């Protein structure tokens, strides 16, 4: 549970940085900051890409762990709990891999 709480705080910090970069840095309007080319170019900056990766991992873990807790409370038993654990691990790995691929590919898409 400590990891769940710690990552909740990480979500607040990384999420605040993420929102600030869209709202206040480098563009004259919020709507322009949401354009694909602007967003992809922004994550060519390594620090912002790392922040987005932290946000991705924290939100994924927080969400998948919450889902795991709900499913375990819904039904008990060692076989069920083992299945839920592996489902959660596989889901988290897939989501983080897809998100990381998108973050790493973003700057190259802005150049296209």
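Just to confirm my filter: which helices (runs of 4 or more DSSP H) fall fully inside segment 12-87 and include at least 3 residues that are within 16 Å of the chain's Cα centre (by Cα) and under 24 Å from residue 102 (Cα atoms)?
Hits in segment 12-87: 46-74.
Do any residues in segment 63-74 that are at negative phi have Cβ atoms under 9 Å from those of residues that are at pLDDT below 95 and surrounded by 15 or more Cβ atoms within 10 Å (Cβ to Cβ), where the two are at least six apart or on different chains, and which pairs are they?
65/7
Report yes if some residue within segment 94-104 is over 30 Å from residue 23 (Cβ atoms), without any contact (Cβ under 8 Å) to a residue 12 or more places away in the chain and in a helix (DSSP H, G or I); otherwise report no.
yes
Confirm whether residue 92 is modelled with pLDDT of 95 or more and surrounded by 15 or more Cβ atoms within 10 Å (Cβ to Cβ).
Spelling it out, residue 92 is indeed modelled with pLDDT of 95 or more and surrounded by 15 or more Cβ atoms within 10 Å (Cβ to Cβ).
Please indicate, with yes or no, whether at least one residue in segment 66-81 is under 18 Å from residue 22 (Cβ atoms) and buried (at least 17 other Cβ atoms within 10 Å of the Cβ).
No; the residues of segment 66-81 include none that is under 18 Å from residue 22 (Cβ atoms) and buried (at least 17 other Cβ atoms within 10 Å of the Cβ).
The values are calculated or read from the model by the stated rules, or taken from the named source; none is laboratory data. Treat the numbers as computed from the prediction; the structure is a model and nothing was measured. Please note: Cβ atoms are built from the backbone with ideal geometry, for glycine as well, and neighbour counts cover all protein chains shown.
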